[in-house]
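Engineer: Once you've had a glance at the structure underneath, I'll fire off some questions.
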Amino acid sequence: MMNLNRDFWENRYATSQTGWDIGAVSTPIKSYIDQLENINLTILIPGAGNAYEAEYLFKNGFKSVTVIDIAVKPLQNLKVRVTEFPKNQLIQTDFFDFKGHFDLIIEQTFFCALHPSLREKYVLKMNQLLKSKGKLIGLLFDFKLTEDGPPFGGSFDEYQSLFEPYFTVKKMERCHNSIPPRQDNELFFIFEKK
């Protein structure tokens, strides 16, 4: 099994092998954020990479946004772009070691970056990190699961069976506003903690 540890991800940033980085907030997630009314939500973005979603949230009045990544470089990149972003909300750690409670967690290319053997552990950890009735929202790749990742794919049926024991599936559907390179390969979802 490939060792997707801190060194692996630091090296990807150091060598500019960041094909997942689209350079801006993802359109489907931006649309979701734009309809949020409560700017006091506590929000977590795990495995956030350069965290354009966090930048967008912060610049739109959401101040309780925590960003975690196993690599330090993307957190530094966010701090350079948004100098006023609170340093104590940029956390370099392994997601599975992180503790906290949030109203909303945003998933953007993190799930697919983890080895598929960690998927059940991911679901349990997300459930643990959410407050009662908290939501996990975002995008999951909808293409054949492969060992050639990251990114690792998956399917609607797999996601449903993984998440349904712990979450109410409020929405999971083919994304209609993906960026062109990801067209027809993304599912937008809203899961609520049971």
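The values are calculated or read from the model by the stated rules, or taken from the named source; none is laboratory data. Remember, it's a predicted structure, so these values are computed and weren't measured experimentally. Cβ: placed from backbone, ideal geometry, glycine included. Neighbour counts: every protein chain shown.
Engineer: Any residue at all in region 70-90 that's at pLDDT 95 or above and within 17 Å of the chain's Cα centre (by Cα)?
Structural biologist: Yes, region 70-90 contains at least one residue that is at pLDDT 95 or above and within 17 Å of the chain's Cα centre (by Cα).
Engineer: Would you check which residues across region 174-194 are farther than 17 Å from Val123 by Cα, at pLDDT 70 or above and either of a type in the set (A, V, I, L, M) or within 17 Å of the chain's Cα centre (by Cα) (or both) and list them?
Structural biologist: Listed by number, the residues that qualify are Cys175, Ser178, Arg182, Asn185, Glu186.
Engineer: Sticking with this structure for a sec: Checking Glu186 against (1) among the acidic types (Asp, Glu); (2) touching a residue at least 40 places away in the same chain (Cβ under 8 Å); (3) surrounded by fewer than 19 Cβ atoms within 10 Å (Cβ to Cβ): exactly one of these is not met. Which one?
Structural biologist: (3)
Engineer: Name the residue, out of Ser117, Ser161, that is modelled with pLDDT of 95 or more, over 30 Å from Glu37 (Cα atoms) and either assigned to a helix (DSSP H, G or I) or in contact with a Phe, Trp or Tyr (Cβ under 6 Å, 6 or more places away or on another chain) (or both).
Structural biologist: After applying the criteria, what remains is Ser161.
Engineer: Given region 1-65, what helices (runs of 4 or more DSSP H) lie entirely inside it while holding 2 or more residues that are modelled with pLDDT under 90 and buried (at least 16 other Cβ atoms within 10 Å of the Cβ)?
Structural biologist: Of the helices (runs of 4 or more DSSP H) lying wholly inside region 1-65, those with at least 2 residues that are modelled with pLDDT under 90 and buried (at least 16 other Cβ atoms within 10 Å of the Cβ) span 6-14.
Engineer: Six or more apart or on different chains, Cβ atoms under 8 Å: show the pairs whose first residue is in region 100-127 and closer than 24 Å to Asn185 by Cα and whose second is among the acidic types (Asp, Glu) and at pLDDT 90 or above.
Structural biologist: Ile106/Glu53; Gln108/Glu53
Engineer: Answer yes or no as to whether Arg182 is closer than 20 Å to Ile68 by Cα and of a type outside the set (S, T, N, Q).
Structural biologist: Spelling it out, it is not the case that Arg182 is closer than 20 Å to Ile68 by Cα and of a type outside the set (S, T, N, Q).
Engineer: What pairs come out if I take residues in region 67-92 that are over 16 Å from Ile106 (Cα atoms) and pair them with residues that are of a type in the set (Ser, Thr, Tyr) and assigned to a helix (DSSP H, G or I) whose C-beta lies under 9 Å away, six or more apart or interchain?
Structural biologist: The qualifying pairs are Ala71/Tyr13; Val72/Tyr13; Lys73/Tyr13; Pro74/Tyr13; Asn77/Tyr13; Leu78/Tyr52; Arg81/Tyr52.
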